[in-house]
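K.L.:
Got a structure for you, written out below as structure tokens; questions coming shortly.
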Amino acid sequence: MHRRSRTAFLLSAAIAAAPLLTACGSGAHPGAAAVVGGERITVAQLENRVNEVRAAQRAATPDRTQYQQVVAQTGALTRNTLNGMVLERVLDQALKDAGVTVTRKEVQKYRSDLEHEAGGPAALEQAYLQRYSVAPEQLDESVRSDVEVQKLSAALGADLNTPEGGTVFWEALSKASGKLDVDLNPRYGSWGVDETSGRVGLLDTKTPWLREVTRTGTQEPA
């Protein structure tokens, strides 16, 4: 799994608690966790993703006490999951704006390479579950987002090893977010652009496919 730290193409989606340039209201959307580009992400869809992760964590942690510790360590799972679901759509819009496409063959090749590095499909599933709270059922989508981030940053000429490259990347996502007019259910928090970092997302959240950039040659923490 060292390629992820060597290539250093994924950014953290954590946003410090700072004033927002933009923040979306609640809107009258019963049953919606968020509305993105006029399309609903329902509470049921969100809960289904969260339940998939919890089920996978439970299966991987037979000991009840250890499982409770895992749950405690991932207490913000619902908000983090919603952050990721919204950002997936924002990323899709940014790709469209940049004229970038990602093929199924590219995703399959990338996943195959990751499986080889991890020691097999099961090992890769376990790594994503432990490190990023991604259930096996969600792995294809998460890997696809990884490839999309790579291709978008390349199209933008954004070297994500550098602060300048990160700025260019997040500006593209911020513009895409504005186009989609994200309307978040207030029970999950606020959505907007941090005026200091320029990053867009939920406050104080992290998403599996936007991880902290590390310098080339440094190891990503487990």
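K.L.:
Name the residues in region 98-113 that are in contact (Cβ under 8 Å) with a residue 24 or more places away in the chain and either under 20 Å from residue 130 (Cα atoms) or in contact with a helix residue (DSSP H, G or I) (Cβ under 6 Å, 6 or more places away or on another chain) (or both), would you?
P.N.:
98, 100, 102, 106, 107, 110, 111, 113
K.L.:
While we're here: Evaluate the following for residue 177: is it at negative phi, of a type in the set (Gly, Ala, Ser), touching a strand residue (DSSP E or B) at 6+ places or on another chain (Cβ under 7 Å) and touching a residue at least 40 places away in the same chain (Cβ under 8 Å)? If you could, list the steps in order and put the result at the bottom.
P.N.:
On the way: at negative phi: yes; of a type in the set (Gly, Ala, Ser): yes; touching a strand residue (DSSP E or B) at 6+ places or on another chain (Cβ under 7 Å): yes; touching a residue at least 40 places away in the same chain (Cβ under 8 Å): yes.
Yes: the conditions hold for residue 177.
K.L.:
Additional query: Output the number of residues of region 119-151 satisfying the condition of being in a helix (DSSP H, G or I), of a type in the set (Gly, Ala, Ser) and more than 20 Å from residue 103 (Cβ to Cβ).
P.N.:
Qualifying residue count, region 119-151: 3.
K.L.:
Can you pull out every residue in region 118-155 that is among the aliphatic types (A, V, I, L, M) and out of contact with any Phe, Trp or Tyr (no Cβ under 8 Å at 6 or more places or on another chain)?
P.N.:
Here is the first cut: in region 118-155, the ones among the aliphatic types (A, V, I, L, M) are 118, 122-124, 127, 129, 134-135, 139, 143, 147, 149, 152, 154-155.
Hits for region 118-155 are 118, 122, 123, 124, 127, 129, 135, 154, 155.
K.L.:
Could you tell me whether residue 164 is more than 16 Å from residue 89 (Cα to Cα) and modelled with pLDDT under 90?
P.N.:
Answer is no for this residue.
K.L.:
Looking at region 79-91, I want the residues that are closer than 14 Å to residue 190 by Cα and have a partner that is among the basic types (Lys, Arg) and at pLDDT below 95 with Cβ atoms under 6 Å, at least 6 apart or on another chain. Which pairs are those?
P.N.:
That search, which allows pairs on different chains as well, returns 80/206.
K.L.:
Filter region 152-169 down to the residues that are closer than 13 Å to residue 98 by Cα and not in a loop (DSSP other than H, G, I, E, B) and list them by number.
P.N.:
Once the filter is applied, which keeps residues that are closer than 13 Å to residue 98 by Cα and not in a loop (DSSP other than H, G, I, E, B), region 152-169 yields 152, 153, 154, 155, 156, 168, 169.
K.L.:
Same structure again: Going by the structure shown, is residue 200 at pLDDT 85 or above, crowded, with 17+ Cβ neighbours inside 10 Å and on the phi < 0 side of the Ramachandran plot?
P.N.:
Considered against the rule, which asks whether it is at pLDDT 85 or above, crowded, with 17+ Cβ neighbours inside 10 Å and on the phi < 0 side of the Ramachandran plot, residue 200 comes out as yes.
K.L.:
Under the condition of being of a type in the set (Asp, Glu) and within 18 Å of the chain's Cα centre (by Cα), which residue from region 92-145 is nearest to residue 168 (Cα to Cα)? Outline the logic, then answer.
P.N.:
If we filter region 92-145 for residues that are of a type in the set (Asp, Glu), which is where we start, we get 92, 97, 106, 113, 115, 117, 125, 137, 140-141.
Now restrict to residues that are within 18 Å of the chain's Cα centre (by Cα): 92, 125, 137, 140-141.
Details: 92: 16, 125: 31, 137: 32, 140: 27, 141: 24 Å.
It comes out as 92.
K.L.:
Within region 129-145, is even one residue in contact (Cβ under 8 Å) with a residue 24 or more places away in the chain, of a type in the set (Phe, Trp, Tyr) and touching a Pro at 6+ places or on another chain (Cβ under 7 Å)?
P.N.:
Narrowing region 129-145 to residues in contact (Cβ under 8 Å) with a residue 24 or more places away in the chain: 129-145.
Going one step further and asking which of them are of a type in the set (Phe, Trp, Tyr), we end up with 132.
Right, trim to touching a Pro at 6+ places or on another chain (Cβ under 7 Å) and you get 132.
Within region 129-145, one or more residues are in contact (Cβ under 8 Å) with a residue 24 or more places away in the chain, of a type in the set (Phe, Trp, Tyr) and touching a Pro at 6+ places or on another chain (Cβ under 7 Å).
The values are calculated or read from the model by the stated rules, or taken from the named source; none is laboratory data. As the structure is a prediction and not an experimental result, all values here were calculated from the model. Glycine gets a Cβ as well: all are built from the backbone with ideal geometry, and neighbour counts include every protein chain shown.
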